[in-house]
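All remarks here apply to the structure that follows.
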């Protein structure tokens, strides 16, 4: 089954400045507005801003049914774990992997 990238997270240095810019750029107000994450929804696409990102480039996330199994499948396919599975609130779990070229990709499982 093909996966769609449902979330793109941009690393930002100043969350308030970035929030103002992306609100104007996207034409919508954030649906999540916190100190550690600001999220915008446009249809079924989510754009996030992360002032604590370890990646210098945006990270695309796919939604998965079983994050543990999918993460292991990716490791078996040659990925390296950048950020192991963690709960980021209300049961939402995320993880990050790196491909052979150093690109960071994300996995996301809803509760």
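When the inverse distances between all different Cα atoms of segment 64-111 are averaged and flipped, the Kirkwood radius reads 10.7 angstrom.
Extending 7 Å from Cα along the Cβ direction at residue 45 and again at residue 62 yields two label points whose distance is 1.9 nm. This structure gives Kirkwood radius over Cα pairs in Å, computed directly, and of [x] 14.5; [y] 16.0; [z] 16.8 that value is listed as [x]. Which angle between 0 and 90 degrees, to the nearest 10, do you get for helix 67-76 versus the longest principal axis of the chain when only C-alpha atoms count? Once rounded, one gets 60 degrees.
Counting only alpha carbon atoms, the long axis of helix 15-26 and the longest principal axis of the chain meet at about 90°. Estimated from helical segments only, the mean residue ellipticity of the chain at 222 nm is -6000 deg cm²/dmol, where each DSSP H run of four or more residues counts as -39500 (n - 2.57).
Of 55, 68, the sequence from fewest to most neighbouring Cβ atoms within 10 angstrom is 68, 55.
If you bin all the Cα-Cα distances of segment 1-61 at 10 Å, starting from zero, the percentages per bin are 23, 56, 18, 2.
Values in this text are rule-based calculations from the coordinates and carry no lab data. Note that the structure is predicted; figures quoted are calculated from it, not measured. Positions of Cβ are generated from backbone atoms using ideal geometry, with glycine treated the same way; all protein chains shown enter the neighbour counts.
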